[in-house]
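Report on the following structure.
The values are calculated or read from the model by the stated rules, or taken from the named source; none is laboratory data. Everything numeric in this text was worked out from a predicted model, so none of it was measured. Neighbour counts are summed over all protein chains in view; Cβ atoms, including those assigned to glycine, are modelled from backbone coordinates with ideal geometry. These accessible areas exclude ligands, DNA and RNA; they are computed on the full protein's heavy atoms, side chains included. Shrake-Rupley method; radii C 1.70, N 1.55, O 1.52, S 1.80 Å.
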Amino acid sequence: MNQTKIKPKILIVEDDDLQYEIYEETLSAYTLIRAKTASEALNLIPTEQPRLIILDHILAEGELGLDYLPEIKELIPFVPVIVVSGALEVQQFMHALQGPRRAHYCLPKPVDVEELEKTVETALRECGEAEVVRQFEALERSKRVDAEALFSRSTDRLNRQNQIRQIVSKIKERPNISALAREFRVARRTIIRDLQELIRRGQLNPAVYPEWEQEPVGD
């Protein structure tokens, strides 16, 4: 049984008919929806749920597309936006690409149709839902790395404390903090903290290190 592949839906915010014809020809592989103003686009977004938006800057009724970019991103924060304009300075392009409610790409007019095609393909493949998934995956990897590092440090500390307990239990004099720090290649404060924890857990007699309650334990 053949299943018809659903074409990704693209919202084109463009008031120029000739420019829209270029989009229709270049992006014929997609389902296109048109709005001639950003206000109209804001009304269409909730019902149409586009996968991508192409936003012109100079629009009908005197509207400026970039003025409405924050509202568009508020409605669909993870949908990629491609700003296309021949009326923007470099600084305006850079501003459009920065911040939490940013565009993903900015293309100049007249539009290079090959560049437009490639940009749309990349945006649909790499941005939007795919981008969100990658962010969550990166966060999960980061949490796992942090957890593994914490577990490793905890294991190292317990192993060191066990060895310190064995060493201290075999000597009659008080432990030499500096000598233990050199042996285990850690700071003196780390050895002091180890002794404090061993005493708190009842694994060492407090008399072994009577100053433990007054010593700082900061890292």
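In region 151-181, the residue that is most open to solvent (accessible area, probe 1.4 Å) out of those that are among the β-branched types (V, I, T) and under 43 Å from the mean Cα position of the chain (by Cα) is T155. Taking the numbered list (1) exposed (fewer than 11 other Cβ atoms within 10 Å of the Cβ); (2) at pLDDT 80 or above in turn, V113 passes all entries but (1).
Applying the criterion of being assigned to a loop (DSSP other than H, G, I, E, B) and modelled with pLDDT of 75 or more to the residues of region 90-110, the residue that is least open to solvent (accessible area, probe 1.4 Å) is A103.
The condition of being loosely packed, with under 13 Cβ neighbours inside 10 Å and touching a Ser or Thr at 6+ places or on another chain (Cβ under 6 Å) holds for E61.
Residues in region 19-54 that are open to solvent by less than 40 Å² (accessible area, probe 1.4 Å) and in a loop (DSSP other than H, G, I, E, B): L27, T37, P50. Listed by first and then second residue, the pairs linking a residue in region 67-88 that is small (G, A, S) to a residue that is surrounded by 13 or more Cβ atoms within 10 Å (Cβ to Cβ), with Cβ atoms under 7 Å apart and 6 or more places separating them unless they lie on different chains, are S85/D56; S85/H57; S85/I58; S85/K109; G86/P108; G86/K109; A87/H57; A87/I58. Exactly one residue out of R189, R141, R185 is at pLDDT below 85 and open to solvent by 60 Å² or more (accessible area, probe 1.4 Å): that is R141.
Does E126 satisfy the condition of being under 30 Å from Y20 (Cβ atoms) and either within 30 Å of the chain's Cα centre (by Cα) or at pLDDT 85 or above (or both)? Show your work before the answer.
Values: under 30 Å from Y20 (Cβ atoms): yes; either within 30 Å of the chain's Cα centre (by Cα) or at pLDDT 85 or above (or both): yes.
For E126, the condition - under 30 Å from Y20 (Cβ atoms) and either within 30 Å of the chain's Cα centre (by Cα) or at pLDDT 85 or above (or both) - is met.
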